[in-house]
1. Under the condition of being under 17 Å from B:Thr200 (Cα atoms) and either small (Gly, Ala, Ser) or without any contact (Cβ under 8 Å) to a residue 60 or more places away in the chain (or both), which residue from the stretch B:77-88 is nearest to the other protein chains (Cβ to nearest Cβ)?
2. In the set B:Met130, B:Met103, which member is within 14 Å of chain A (Cβ to nearest Cβ) and within 25 Å of the chain's Cα centre (by Cα)?
3. Does B:Leu199 satisfy the condition of being buried (at least 20 other Cβ atoms within 10 Å of the Cβ), in contact (Cβ under 8 Å) with a residue 40 or more places away in the chain, within 14 Å of chain A (Cβ to nearest Cβ) and among the aliphatic types (A, V, I, L, M)?
4. Give me the pairs: first residue in the stretch A:112-130 and under 12 Å from A:Ile143 (Cβ atoms), second residue not in a helix (DSSP H, G or I), beta-carbon distance under 6 Å, and six or more apart or on different chains, which are they?
5. When you check A:Leu27 against the structure, is it of a type in the set (A, V, I, L, M), touching a helix residue (DSSP H, G or I) at 6+ places or on another chain (Cβ under 6 Å) and under 30 Å from B:Lys118 (Cβ atoms), yes or no?
6. Of the conditions (1) buried (at least 18 other Cβ atoms within 10 Å of the Cβ); (2) within 14 Å of another protein chain (Cβ to nearest Cβ), B:Glu121 clears all except one; give me its number.
7. Hey, among B:Ile26, B:Ile42, which residue is closer than 21 Å to B:Thr176 by Cβ, at pLDDT below 90, assigned to a strand (DSSP E or B) and aliphatic (A, V, I, L, M)?
8. With B:Gly249, B:Gly230, B:Gly177, B:Gly223 as the choices, which residue is of a type outside the set (A, V, I, L, M) and at pLDDT 85 or above?
Amino acid sequence: MIELLAHLGKNTRSSFSKLGRGTFFLLQCLAGIISVLPRPRLLLNQMYSVGVLSFLIISISGLFVGMVLGLQGFYILSDFGAETTLGVMVATSLVRELGPVVSALLFAGRAGSALTAEIGLMKATEQLSGMEMMAVDPIKRIISPRFLAGFLSMPLLATLFSAIGIIGGQIVGSGLLGVDEGAYWAQMQAKLDFYDDIINGVIKSVVFGFVTSWIALFEGHDAVPTSEGISRATTRTVVNSAFSILGLDFILTALMFGDD
Amino acid sequence: MGNRISCQNTLISVSNLSFSRGDKKIFDDISLEFERGKITAIMGPSGTGKTTLLKLMGGQLLPNQGSIIVDGQNVHRLRRSELYNLRKRMGMLFQSGALLTDMSVYDNVAFPLREHTKLPESMIRTLVLMKLEAVGLRGAYSLMPNELSGGMARRVALARAIVLDPMMIMYDEPFTGQDPISMGVLVHLIKALNKTLGLTSIIVSHDVHETSAIADYIYVLSGGKVVGQGTPEAIRQSDSEWVQQFMTGAADGPVHFHYPAKDYMDDLLSTGKRY
């Protein structure tokens, strides 16, 4: 019993100290963004590896998610003779929920894990220490550009995911199942609100991008510099990002759409 | 073994330094002096905290007690910007080389110049090629770090460490894991650079032979204390049993061959608890 209590106490203490380290890290990272701005090249390189290289997985997944939505939506809606509203259903679910959430989960798996492993290995091979000894702040030079790149890429990727998903839904809906193409687009245009739906979806993805990049970079920077430590850190990035994304999604949805 | 009196010529002085990691005491009230223009070696077995000492000197770690004065500045009292300015004048060569793996040899050596100066690219090119020539790797400028051997990586890192023309270089285990030729090259380079660039060098190492061949002064550390100091000749003649064991590499002596354990016979005959 005492052992259990001691164990619990130890775990609580270490989680709090990790939270403290994480917050401090985030503040340093945000402060470092100022020095990234005059050097757009650093940012562009990272946007490429974090954003552009995630393009393929995001677009293919978006296409398939949209196609499945088109298929499932059609079967349900056609029972009520409402298949012309398929476009609304596909677009709303993508723009409000699936676009930001699924793309953020994919982003955490594709880019987040890569960031953690990269930073963890840089730490293990003394590259970060080496930089410090060359009087170059690794937070400003390495971490902040990556953070900013993740933060900026996420809404772009989520938007892309939704757009391709909507096309996927249209391919299945009107291409294969015979929903009128005009109705698909017109209903969507009439029902989807720019602020309520699209902007709220973008806000979600901005939040997810922020949190995922923070978790990924912090886990890498905080990793025990051994192969086992880095492998654990990478796992934690994916697991913690997924939990945070889903938890935050619930909170944000309640705040944004609670009044409807 | 008399104590050296600190004089004008001291570049770094470590005084009454204590440092512990968790419950383990790494340094217990040690004092060392490093003279300008000389090669000073810090020797001792693995795990005595030699690398930790370099990190303390570079201000990457904070001591529990004591001070480290580098060129008249107390490293741990400096503000961040002042510390960074001091570090620009302190080169450090890490054991692994610590080259940035996403850049070529050329870009690695150019890195400190690009970060700290606004020199035109043509000037950077000249400086980088000069430093690479000094370590004999001008021909390898386009290679990536993963294409280099361990010895070459260290030489590139050395070129990078001297590219800002520092006043001193700290070498962390420069000879570990090198074949005899690269070892010879590094020994020669450290000595030659120290002389031609007027550097002050600090070598942390446990390679007795190579280090004592080029060092002007040696400190031997063990168990958080300085157990011997002097010129290489004086160290070889030392009457300390410990220093003798370290210099000759005897398997048993003051440092026991066996990790502390309970009585051998008792352990063999005891039953029950499995490891």
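1. B:Arg87
2. B:Met103
3. Working: buried (at least 20 other Cβ atoms within 10 Å of the Cβ): yes; in contact (Cβ under 8 Å) with a residue 40 or more places away in the chain: yes; within 14 Å of chain A (Cβ to nearest Cβ): no; among the aliphatic types (A, V, I, L, M): yes.
It is false that B:Leu199 is buried (at least 20 other Cβ atoms within 10 Å of the Cβ), in contact (Cβ under 8 Å) with a residue 40 or more places away in the chain, within 14 Å of chain A (Cβ to nearest Cβ) and among the aliphatic types (A, V, I, L, M).
4. Short answer, once both residue conditions are applied: A:Lys123/A:Pro225.
5. It is false that A:Leu27 is of a type in the set (A, V, I, L, M), touching a helix residue (DSSP H, G or I) at 6+ places or on another chain (Cβ under 6 Å) and under 30 Å from B:Lys118 (Cβ atoms).
6. Only one criterion is unmet by B:Glu121, namely (1).
7. Values: B:Ile42 fails: at pLDDT below 90.
Result: B:Ile26 is the single residue among B:Ile26, B:Ile42 that is closer than 21 Å to B:Thr176 by Cβ, at pLDDT below 90, assigned to a strand (DSSP E or B) and aliphatic (A, V, I, L, M).
8. Numbers: B:Gly249 fails: at pLDDT 85 or above; B:Gly177 fails: at pLDDT 85 or above; B:Gly223 fails: at pLDDT 85 or above.
Of B:Gly249, B:Gly230, B:Gly177, B:Gly223, the one residue that is of a type outside the set (A, V, I, L, M) and at pLDDT 85 or above is B:Gly230.
The values are calculated or read from the model by the stated rules, or taken from the named source; none is laboratory data. Keep in mind the model is a prediction, meaning the values are calculated, not measured. Every residue, glycine as well, gets a Cβ built from its backbone with ideal geometry; the counts of neighbours run over all protein chains shown.
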